[in-house]
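What follows is a short report on a single structure.
The values are calculated or read from the model by the stated rules, or taken from the named source; none is laboratory data. The structure displayed is predicted, hence computed values, not measured ones. Positions of Cβ are generated from backbone atoms using ideal geometry, with glycine treated the same way; all protein chains shown enter the neighbour counts.
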Amino acid sequence: MMYKTHIAFAILPVVIIESIVDKMSIPLELLVYCTVAFGALLPDLDEANSYIGKKLPIFPMIYQMIGVKHRGITHQFIFVVGLLILLQFLFANFNTSITEKVIAYSFVYGYLMHLVGDMLTKGGIDSFFYPLSNKKGVLLPRYFRFYTGSIVEYILFYLLSFLILVFFISSII
């Protein structure tokens, strides 16, 4: 999935929820959107040709040196579980505000939505539930999935962007 589709895919549910609940202040809302977007990009830090890999090229080089392949450990469910365990440890041992917790969980949510998005592509995610299973992580039958950068993905991106705009406008009207 292209980086912009990952961001739109992760942001849309946040915009929908925020338009219904409308409890966040504007600065917190913007911080949540940015954190979700960053989380939605970060799994591809293992790929030198990804949007974020090009912006932070030292990380793909480090991943390559230690043997991490694209859509490897950074794309497995166990990695997200590890992030959540780390957050729980930090929250239990350090005085964290509700705002800090919202931001941290927004990041993990964006990260998880990236993985969900990748499971909609033809490639899916190898060994998504490793070590429990070596099956490929996919969410749809093969004929409903799409190739990264295909016309289907562009249509999906524009549809998601349109819906984000509709819900954002409805929340301010």
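Scanning segment 1-20 for residues that are modelled with pLDDT under 95 and polar (S, T, N, Q) yields a total of 1.
Among all positions in segment 89-103, there is at least one residue which is within 19 Å of residue 33 (Cβ to Cβ), surrounded by 14 or more Cβ atoms within 10 Å (Cβ to Cβ) and touching a helix residue (DSSP H, G or I) at 6+ places or on another chain (Cβ under 6 Å).
All but one of (1) over 23 Å from residue 33 (Cβ atoms); (2) at pLDDT below 90; (3) in a helix (DSSP H, G or I) hold for residue 169, so report the exception by its number. Residue 169 satisfies every listed condition except (1). Filtering segment 137-173 to residues that are without any contact (Cβ under 8 Å) to a residue 40 or more places away in the chain, under 24 Å from residue 50 (Cα atoms) and of a type in the set (Val, Ile, Thr) leaves 138, 151, 152, 155. When residue 136 is tested against the conditions (1) of a type outside the set (Ser, Thr, Tyr); (2) closer than 27 Å to residue 150 by Cβ; (3) within 14 Å of the chain's Cα centre (by Cα), the lone failure is (3).
As a summary of the residue check, residue 49 satisfies the conditions (1) at pLDDT 90 or above; (2) touching a Gly at 6+ places or on another chain (Cβ under 8 Å) except for the one numbered (2). Residues in segment 136-157 that are at pLDDT below 95, basic (Lys, Arg) and either surrounded by 13 or more Cβ atoms within 10 Å (Cβ to Cβ) or in contact with a strand residue (DSSP E or B) (Cβ under 8 Å, 6 or more places away or on another chain) (or both): 136 alone. Here the helices (runs of 4 or more DSSP H) wholly within segment 4-70 that include at least 1 residues being of a type in the set (S, T, N, Q) and within 30 Å of residue 173 (Cα to Cα) are 26-41.
Would you point out the residue of segment 115-135, among those that are of a type in the set (S, T, N, Q) and at pLDDT below 95, that is farthest from residue 1 (Cα to Cα)? Of everything passing the filter in segment 115-135, 133 is farthest from residue 1 (Cα to Cα). Does residue 97 satisfy being free of Cβ contacts under 8 Å to residues at least 60 places away in the same chain, farther than 26 Å from residue 20 by Cβ and of a type in the set (Ser, Thr, Tyr)? No. Among the residues that make up segment 105-122, is at least one of them free of Cβ contacts under 8 Å to residues at least 24 places away in the same chain and in a helix (DSSP H, G or I)? Within segment 105-122 (the criterion being free of Cβ contacts under 8 Å to residues at least 24 places away in the same chain and in a helix (DSSP H, G or I)), the answer is yes, since at least one residue qualifies.
Residue 108 - would you say it is under 17 Å from the mean Cα position of the chain (by Cα) and at pLDDT 90 or above? For residue 108, the condition - under 17 Å from the mean Cα position of the chain (by Cα) and at pLDDT 90 or above - is met.
The residues in segment 21-32 that are surrounded by fewer than 21 Cβ atoms within 10 Å (Cβ to Cβ) and modelled with pLDDT of 85 or more can be counted, and the count is 2.
Every condition in (1) part of a helix (DSSP H, G or I); (2) buried (at least 17 other Cβ atoms within 10 Å of the Cβ); (3) under 17 Å from the mean Cα position of the chain (by Cα) is met by residue 128 except one, and the failing one is (1).
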